[in-house]
Structures are given as C-alpha cells and as structure tokens.
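This report refers to the structure that appears directly beneath it.
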Amino acid sequence: MIEIKVVFPYPAPYGHVPDIYEYVENLRGLGVEAHYLGWKPQESRFQFLKKLAIEIEKINPNIVHVFHFRSCGLLPVLLTRRKMKWILDVRTVHVENKNLQPERLVGLKTRLTWIESLFYDRVLALTPVIKSYMQPNIHPISIIPLGGSGKLKELMTDENKKRIRDSLRIPMSSKVILYSGSHSPSRKIDELLKAFAGLSNLRETYLLMVGGIRSVDFNREQLIFKKYIELCQHLNIQDRVIFLGHKPYSEALVYYSAADIGVAYLPQNTPYILQPPTKLIEFMMAGLLAVGNDIPSIREFIRDGETGILCGNGVEGLRDGLERALSMLRDKEILFSIRERAYAEVECRTWDKIVKNYILPVYSEW
C-alpha cells in the first residue's frame, strides 16, 4: 500500500459537516495525512471550484475524497493531468430545495449526481437506495454506513449534566427533551413545537433545540428563528423551549449530557424518509431514550419498546410518543434495558470503526 495523503474539499468551513470532520480526525489518529479544504463560497460556484483545484494541486494528494455537492463533477476535470484517485461520497438524496421545502425534483437531481459520479474513480454510497440511484456505473460502488461519535459516552457525566443545566438555568429535577440538527422549515419544526406544547406536564419539562439552518445566510436564518419564537409565545411555551442556535459539531455534543430524551422527527411523505438520521444514532450512543416517528429510515434503528419509542407521524403522534417517553423515564429497570439494547444496536457504528473498517480498505486498494 502506498503512503496515503488524502484531501477533503467541500463548500463549508471545517467542522460544519460531522461526517467529514470525523473522517479527517480519525484518519489523522491512524497516522494518515488528511487535509481539509473548504470555506463558505462568496464567489461563483465555478470560481470556487477553480480555487479548490489550485489548493488541491498545492497539497498534491494521491486521493481526493469528495462529499457530494452540486457541480463537484467538474473538479476531476479541472485536474485531469494530476495523478490522483478520485472518490465521490454520496451521503444523501436531495431532500430540500432552495426555498427550504422538501425537494420535489428528487429523481432529476439524483440523476445529475449520477452523471457527476461518472467522472470519479470510485463511488461511496450511504445506503443501498442511494447506491441504486448511482447505477449503472462503470466504477465500483461501496456502501459506507452512517456513524456517530464514540466520544458521546465519555461526555455523558453527571458533572457535565449539572454544568450545562446550570448554564441554561434548567433545574436538575426537570426532564429535558433534546432536538439536535437542522432547523429548516422543511423539517417541520413547527410540528415538534406543537407536539411539545401538548404535553401534560410542561412545568417539569424543557425542550432543548440545538442547531441552525446551514443553507441560508444569517439574516434569513434569524427571520425563521423569529417565527419559531413567535410560535412558542403563541403556544405559551416560550419559557420551556431553549434555542441554542448553531453550535460547531465538536462543541454541540456536550449538550447531549443535559438531556434525558432525544427526538428524531423527519417529515412523512418527503425524501427525508429515505435519509438515515445521524442524530438518532448519536442519541442511542449517548444513552438517551430515543423517540422517532414511524418512517423507514427511523424504523431501521428503533424497535418500539426495545431500542426506543416509535411514534406516529404528525403532531398528535409525536406528542403521544413524547408522553410515553416521559412516563418511561420513571421505570428505571425498563429504561436501563432499552438503553443497553439501543447502544448494542449502534456501537459498531462509531466513526473510528467506520474509518478503520470501511474507509481505509477503500484507500488501500490503490
């Protein structure tokens, strides 16, 4: 095997995409020379690609590992004279459009991704469904599963719990439901807020919201959050819901220690139903009681009453699932059993294991 020097180019600052961050950090931990090239583009997409190409050429890697973004098919073309192996990593279907609504042109946009994949030497896919979208293909396609941080268990300490709750002014006696991830309107955040507002014992319960809207500028994001706050005021839950906004991935995980329940809610009848939720795996690794709605990508991980709580879709279904979870917190024996089975379900998916058992073997083929 040749000495590996790999670069990850992407249109976002380092740490904004958990998968890439974990790949880079874990590869470095294994002695691989791993580089990240990325920033939020202010220039045109083509100018951004040209700048990336120049920086890639300076590093002179033998592997360029690209997490898919639109127009990334041009990168190998811009560097055709360099002896580099190109990997396209397709981690998602096109779930959201520019208006922050569920994408209706999934088939067309996925076909464009397939065309871009033809310029690469190797294709990685997150799921069998995504792999099928990349076929037929003249290049090998490997499935690389979704992961979660192996550091979560270390962060789930009583000390961290008290420190975070004190900083947020949440009593230690209260129950905390955590939502972590995109706050885009396409995720139906309003339904989550309405479900929370319908809980029977709000005086002892908080909803902790961690995340932002990565695909929009600051001003538009603030307008959307203003609407969420206004909805909370209308529902009379403004003193029970805490919006933390975007946190860098490396900083966000410690907030899990303040929670008892983790909620993964993806809209039904949208492309999201095919998208495995990263945060659900993280909740299960952290020992939180996971609640998720009944769609294919969540059913893959949650067996109702065994590894978490599978609830119905919509406001009422989610509210009932959260009520069940809050009630279950009082039964320590059942709760311990669910947490143990949930962790067993995902412990093989820590990022260090995925990098070692899936990514390095792909690199080593060259």
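The values are calculated or read from the model by the stated rules, or taken from the named source; none is laboratory data. Everything numeric here is computed off the predicted structure, so don't read it as measured data. Reconstructed Cβ throughout: ideal geometry from the backbone, glycine too, with neighbour counts over all protein chains shown.
The helices (runs of 4 or more DSSP H) found wholly in the range 285-357 and carrying at least 3 residues that are over 22 Å from the mean Cα position of the chain (by Cα) and surrounded by fewer than 22 Cβ atoms within 10 Å (Cβ to Cβ) occupy 314-328, 332-346.
Conditions tested, residue by residue: (1) under 29 Å from residue 187 (Cα atoms); (2) modelled with pLDDT under 90.
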site	(1), (2)
79	no, no
98	yes, yes
120	no, no
129	yes, yes
133	yes, no
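The set of residues in the range 183-194 being over 19 Å from the mean Cα position of the chain (by Cα) and within 13 Å of residue 232 (Cβ to Cβ) consists of 190, 193, 194.
In the set (1) under 17 Å from residue 279 (Cα atoms); (2) in the same structural domain as residue 258 (by TED's automatic domain parsing), the condition left unmet by residue 354 is number (2). Looking only at residues in the range 112-134 that are surrounded by fewer than 13 Cβ atoms within 10 Å (Cβ to Cβ) and in contact (Cβ under 8 Å) with a residue 12 or more places away in the chain, the one that is nearest to residue 345 (Cα to Cα) is 128. Selection of helices (runs of 4 or more DSSP H) fully inside the range 149-253 by the criterion of at least 1 residues being within 20 Å of residue 265 (Cα to Cα) and assigned by TED's automatic domain parsing to the domain that holds residue 263 returns 189-197, 218-235, 249-252.
The residues on offer are 294, 239, and the sole one that is acidic (Asp, Glu), touching a strand residue (DSSP E or B) at 6+ places or on another chain (Cβ under 7 Å) and modelled with pLDDT of 90 or more is 294. The residue that is modelled with the highest pLDDT, among those in the range 1-57 that are within 18 Å of residue 249 (Cβ to Cβ) and of a type in the set (Lys, Arg), is 28.
Of all residues in the range 42-54, those that are assigned by TED's automatic domain parsing to the domain that holds residue 71 have Cβ atoms under 7 Å from Cβ atoms of residues that are in a helix (DSSP H, G or I) and not acidic (Asp, Glu), 6 or more apart or on another chain, in 49/74; 49/75; 49/78; 50/78; 52/75; 53/75; 53/78. If you filter the range 21-41 down to residues that are among the aliphatic types (A, V, I, L, M) and not in a strand (DSSP E or B), you find that the one that is surrounded by the most Cβ atoms within 10 Å (Cβ to Cβ) is 27. Which of the residues belonging to the range 221-243 are among the β-branched types (Val, Ile, Thr) and either under 14 Å from residue 207 (Cα atoms) or touching an Asp or Glu at 6+ places or on another chain (Cβ under 6 Å) (or both)? The answer is 229, 237, 241, 242.
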